[in-house]
Amino acid sequence: AALGHKVLLCDLDEQGSVVDFAAYAKKQGHDLGFQVVKGLPKSKPSADFVLCDYSPKVDKDNLPVGDTVIVPSQPGALDYWSTQKMLGKLKSNQRVIHVLNRVISNRKDDKEVVLSMAGALVVHDRSVMRRVLAQGKTIYSAGLLDKLYGARESKKELDKIIACLL
C-alpha cells in the first residue's frame, strides 16, 4: 500500500488479530492504507494484492492459496521443524518467501539459524514494531521514520519482503 498498490488483507486466523488491529487503528484515528476483512471475499476483489493471514496450524483444510506464500517463523528449533512440515504441504508451483521474524542479532542461536537458512529474509526483534502497533499504526505511517529509534531499519527489512512480492 505504501507504494500506491491497492491491498486487501484477509484475516483467516481464528484469533482475528488482524481485524482487531484494524479496528483499533481506526478507533485511534489512523488509516492503515489497506483494507482488512474477516475471511475471504465472496467475489473477486478489486485489489492489486490480496494477502491472507492464516493460522499457524496448517492442515489439509487450511492450506495457503495463491502463487506466493510468505512463511514467517521465529529462529528456534520448534519453529524450524513446524515450518519444514508446513512447507512440505505446499503445492510445488507455489513460490515461498521465508521470513525469519523476531531475530535477536546478538543471540548465538539466532545467528546460527540465520546462517543455516540461506535465502531467508530477516526481520530483527525491535521494540519499535511493538510501539508502532500499540499506537494503531504501521512502520509506514507518516512521520515515524525520523521519530522512533529503529524505524528506518525495520522499514528496510519490510521493504525487502515487499520487493520479493513485486
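Summary table
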item	result
Packing-based exposure ordering (other Cβ within 10 Å, fewest first) of Glu112, Glu157	Glu112, Glu157
Relative pair counts by distance (%), Cα atoms of region 1-134, 5 Å bins	2, 9, 15, 19, 21, 16, 12, 5, 1, 0
Order of Asp159, Asp110, Asp31, Asp13 - criterion: other Cβ atoms within 10 Å of each residue's Cβ, fewest first	Asp31, Asp159, Asp13, Asp110
Which of Gly66, Ser55, Gln135, positive extreme of dipole for the chain (C-beta unit charges)	Gln135
Cα-based reach from Lys26 at 30 Å (exclusive), listing lysines while leaving out same-chain residues under 8 positions away	Lys6, Lys38, Lys42, Lys44, Lys57, Lys137, Lys147, Lys155, Lys156, Lys160
Computed lengthening from Ser17 to Val114, 0.36 nm per intervening residue step minus Cα-Cα distance	32.2 nm
5 angstrom amide H check on Val71, placed H, neighbours 5+ away	Ile97, His98, Val99
Simple Cβ-charge dipole of region 44-111, Lys/Arg +1 and Asp/Glu -1, about Cα centre, in debye nearest 20	180
Approximate spin-label separation Gln84-Lys6, in nm, with each point projected 7 Å along Cα-to-Cβ	4.3
Value at 222 nm in deg cm²/dmol, rounded to 500, when DSSP H runs of n ≥ 4 in the chain each add -39,500 (n - 2.57)	-10500 deg cm²/dmol
Distant alpha-carbon pairs in region 124-166 (separation over 15 angstrom), percent	37
Overall form of region 17-58 per C-alpha gyration tensor (a/c, 1.5; a/b vs b/c)	oblate
Net +/- balance of residues flanking Arg102 in space, Cβ distance below 11 Å, scoring K and R +1, D and E -1	0
Nonlocal amide H pairs with Val36, under 5 Å, H built at 1.01 Å	Leu9
Residue-span extension gain [Ala134 to Asp31] - 0.36 nm each, minus C-alpha spacing	35.6 nm
Size of charge dipole - the chain - debye, nearest 20, with Cβ of Lys, Arg +1 and Asp, Glu -1, no other charges	180
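Read the figures in this text as sums done on the coordinates, not as results from a lab. Computed from a predicted model, the values in this text were never measured in an experiment. So basically every Cβ, Gly included, is an ideal-geometry build from the backbone, and we count neighbours across all protein chains shown.
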